[in-house]
1. Do any GluC sites (Glu not before Pro) in region 1-109 lie in a loop, going by DSSP, with at most 10 other beta-carbon atoms within 10 Å of their beta carbon, and if so which?
2. Please express the Cα-Cα pair-distance distribution P(r) of the chain as a list of whole percents, one per 5 Å bin, running from 0 to the bin with the greatest distance.
3. With an 8 Å Cα cut-off and a minimum separation of 6 or more residues, compute the relative contact order for the chain in percent.
4. Relative to the longest principal axis of the chain, what angle (0 to 90°, nearest 10) does the C-alpha long axis of helix 105-116 take?
5. Take every Cα-Cα pair in region 83-124 and report what % of them are more than 11 Å apart.
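No lab work stands behind these numbers, since they all come straight from the coordinates. Since this is a predicted model, take the numbers as computed values, not measurements. Don't worry about glycine lacking a Cβ; one is built from the backbone with ideal geometry, like all the others, and counts go over all protein chains shown.
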Amino acid sequence: MVSARRLFEGTLPIAAMSRLREALAGTDGLVHFELDFGRDSLGTDYVHVRARASLTLTCQRTLEPFVLPVEVDTRLGLIRSERDEAGLPPDCEPLLVPEDGRLKPADVIEDELLLVLPLVPVNPDSSLPDEVTGHSPEEDSTGEGRSENPFAILRELRK
């Protein structure tokens, strides 16, 4: 694939990716991908991975599912042993290739999607419930319910 500079494009069902499926709240949808194999001017074999998907995660703030669009655009340097990692260009992440030289493209795509998942998924459109914050939204908009200065009582004690 490297010598022939192969390019693979296609889609994979999210439900078919067992490791990714464990981290998701839903498995509907497809991953659109491109794998571009080649060799750079320094002789480094690489695969350029591009993938995009809409993944359903559980918001850790509200515990509700939400859809997070993700995109992967990574260049992986294909190495045969860990000591070869030092010879990779700075824009390449290492990918250890098995001794037989065969990669499973679906596994490479799944690995890269797992790496872009947030450590703590939070829906950007969510907010904490009023019970947690201890005030209602009306108080925020009017400014009522707040003391003018939280240290005003200390001023009274000093007198």
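1. On the way: sites: Glu9, Glu22, Glu34, Glu71, Glu82, Glu85, Glu99; in loops: Glu99.
Within region 1-109, the qualifying GluC sites (Glu not before Pro) (loop, at most 10 other Cβ atoms within 10 Å) are Glu99.
2. 1, 7, 14, 14, 12, 10, 8, 7, 5, 4, 4, 4, 4, 2, 1, 1, 0, 0
3. Working: 241 pairs, mean separation 27.3, N = 159.
Relative contact order here is 17 percent.
4. 20 degrees
5. Values: 652 of 861 pairs.
Within region 83-124, distances greater than 11 Å cover 76 percent of Cα pairs.
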